[in-house]
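So the structure is just underneath, and the comments pick up after that.
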Amino acid sequence: MLDIKQIRNQFDEVEAKLKTRGVASEKLYELRDFDAKRRELIIETEQLKKQRNEASEAIGLAKRNKEDASAAIAQMKEVSSHIKALDSELAFFDEKVTDILETLPNIPADDVPVGADEDDNVEVKRVGEVPSFDFEPQAHWDLGEKLGILDWERGAKVTGSRFLFYKGLGARLERALYNFMLDEHAKEGYTEMITPYMVNHDSMYGTGQYPKFKEDTFELADSDFVLIPTAEVPLTNYYRNEIIDGSELPIYFTAMSPSFRSEAGSAGRDTRGLIRLHQFHKVEMVKFSKPETSYQELDKMVANAGNILEKLGLAYRIVALSTGDMGFSAAKTYDLEVWIPSQHTYREISSCSNTEDFQARRAQIRYRDEEGKTQLLHTLNGSGLAVGRTVAALLENYQNADGSIRIPEVLRPYLGGVDVIK
């Protein structure tokens with residue numbers, strides 16, 4: 001959530017930056033008007049409460065002196081009635097201000113590319129060599145089906161579309177990948193966590209999924225529980241409504257979890273394969289940082305995700321997302337996109353974001369600085385990596401002409417020495 005004081009004091013700058021994220025100026029004008037009215041009411045209410053206190057003192061003095069206090073009592077009743085009416089009006093404008101603030105995305109950092117959508121993203125660099133084949137590479141869904149390691153038909157039968165079974169070496173490959181990722185992140189200083197796979201609505205609010213993006217989630221009927229769309233939600237909310245000792249920062253967490261997404265609005269997109277599922281595994285990285293070092297931590301997080309791809313021998317590129325393509329809570333985002341041979345393009349496999357104090361303000365996550373003052377910290381999150389998409393990339397990039405799959409050397413110890421799936 002944005003700071004209303006920043007909007008109030010730097011209105012023109014905030015308006016210009018949020019316009020690049022598709023926020024209509026009219027919404028901000030409305031917010032400014034509601035906020036001004038709310039502040040007027042606060043001042044008026046405080047003045048009346050002061051009058052009520054003075055009237056109360058006058059009544060007490062009159063009673064002690066055995067004087068007639070009826071005039072002071074009548075005045076206090078009138079003032080109290082007025083305060084009650086103003087409190088009701090103030091609550092109305094408080095709600096209006098909050099309702100708008102909850103829908104405003106984060107303010108983009110100064111160096112974020114300005115653009116309408118993904119076409120305006122800016123490539124930062126490419127890493128690794130795109131493989132060349134002397135045969136026509138197959139798509140991962142065909143490879144997996146022919147090898148008997150991915151079963152789409154029975155996944156659809158048991159649950160529905162965008163679900164599948166991993167089988168045999170397919171299941172072992174998925175498990176090998178996320179164990180390898182967790183081990184690598186542990187070397188980089190992340191504390192491994194196993195999180196709840198359900199969270200409450202307050203947690204979804206804290207990271208910015210609620211109230212705006214409810215349609216993207218799976219809620220449990222007649223309960224306060226939601227299946228997590230990413231481990232970012234429980235990991236970030238770990239410190240919700242807490243004050244951390246600043247000497248402990250930065251704090252790094254990592255977790256593997258299933259992620260559940262309704263994929264609302266994605267009809268017709270990536271209907272085959274492992275790219276866009278309702279349920280998938282993801283290894284998540286989350287950081288809690290002091291504001292002055294958070295962008296250094298973002299660069300490190302991008303390097304942590306890239307390290308996984310490089311050790312797996314997968315070609316990828318890093319892209320700075322434009323203002324029109326960033327997630328709601330992000331102030332700056334880098335996507336890592338892995339090469340998918342059958343599609344002749346790079347596809348997102350990790351998204352690393354600095355939300356600055358946007359989530360911390362919603363979730364009230366603070367730290368105590370060296371002077372003993374409490375301040376909002378910065379939160380960061382990133383995929384390290386999306387496991388299913390990594391399986392897709394491995395199947396396609398390491399395929400042979402006969403449809404068998406070579407296993408990267410770093411994964412072989414996790415697979416009991418298996419070096420090929422055939």
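The values are calculated or read from the model by the stated rules, or taken from the named source; none is laboratory data. Everything quoted here is computed from the prediction, not taken from an experiment. For neighbour counting, all protein chains shown are included, and Cβ atoms are generated from backbone atoms with ideal geometry for every residue, glycine included. Note: accessible area is taken over every heavy atom of the protein model, side chains too, but ligands, DNA and RNA are not part of it. Shrake-Rupley method; radii C 1.70, N 1.55, O 1.52, S 1.80 Å.
Is region 138-150 home to any residue that is in contact with a Phe, Trp or Tyr (Cβ under 6 Å, 6 or more places away or on another chain) and either assigned to a helix (DSSP H, G or I) or buried (at least 16 other Cβ atoms within 10 Å of the Cβ) (or both)? Looking for residues that are in contact with a Phe, Trp or Tyr (Cβ under 6 Å, 6 or more places away or on another chain) and either assigned to a helix (DSSP H, G or I) or buried (at least 16 other Cβ atoms within 10 Å of the Cβ) (or both), one finds none in region 138-150, hence no. Here Ala264 meets the list (1) more than 18 Å from the chain's Cα centre (by Cα); (2) more than 17 Å from Leu336 (Cα to Cα) almost entirely, failing just condition (1). Screening Glu371 with (1) open to solvent by 40 Å² or more (accessible area, probe 1.4 Å); (2) in a loop (DSSP other than H, G, I, E, B); (3) touching a residue at least 60 places away in the same chain (Cβ under 8 Å) gives one miss only, at (3). From the list Thr236, Thr195, Thr217, the one residue that fits, being hydroxyl-bearing (Ser, Thr, Tyr) and farther than 21 Å from Glu102 by Cβ, is Thr195. Considering region 86-129, the residues that are open to solvent by 60 Å² or more (accessible area, probe 1.4 Å) and aliphatic (A, V, I, L, M) include one that is farthest from Leu41 (Cα to Cα), namely Val124.
Scanning region 290-318 for residues that are surrounded by fewer than 23 Cβ atoms within 10 Å (Cβ to Cβ) and part of a strand (DSSP E or B) gives Arg317, Ile318.
Quick test for you: out of Ala186, Ala176, pick the one residue that is modelled with pLDDT of 95 or more and touching a Phe, Trp or Tyr at 6+ places or on another chain (Cβ under 9 Å). I'd like the intermediate steps shown before the answer.
Details: Ala186 fails: touching a Phe, Trp or Tyr at 6+ places or on another chain (Cβ under 9 Å).
One residue alone meets the criteria, Ala176.
Name the residue that is most open to solvent (accessible area, probe 1.4 Å), counting only residues in region 385-422 that are part of a helix (DSSP H, G or I) and without any contact (Cβ under 8 Å) to a residue 40 or more places away in the chain. Spell out how you get there, then give the answer.
First, pick out the residues of region 385-422 that are part of a helix (DSSP H, G or I): 387-397, 409-415.
Within this subset, residues satisfying the condition of being without any contact (Cβ under 8 Å) to a residue 40 or more places away in the chain are 409, 412-413.
Values: Glu409: 141, Arg412: 75, Pro413: 104 Å².
For region 385-422, the residue satisfying everything is Glu409.
All of Lys300, Lys287 fail the test of being at pLDDT 95 or above and either closer than 12 Å to Thr230 by Cα or under 16 Å from the mean Cα position of the chain (by Cα) (or both), apart from Lys287. Would you call Pro234 over 15 Å from the mean Cα position of the chain (by Cα), farther than 17 Å from Ser289 by Cβ, surrounded by 14 or more Cβ atoms within 10 Å (Cβ to Cβ) and not polar (S, T, N, Q)? No.
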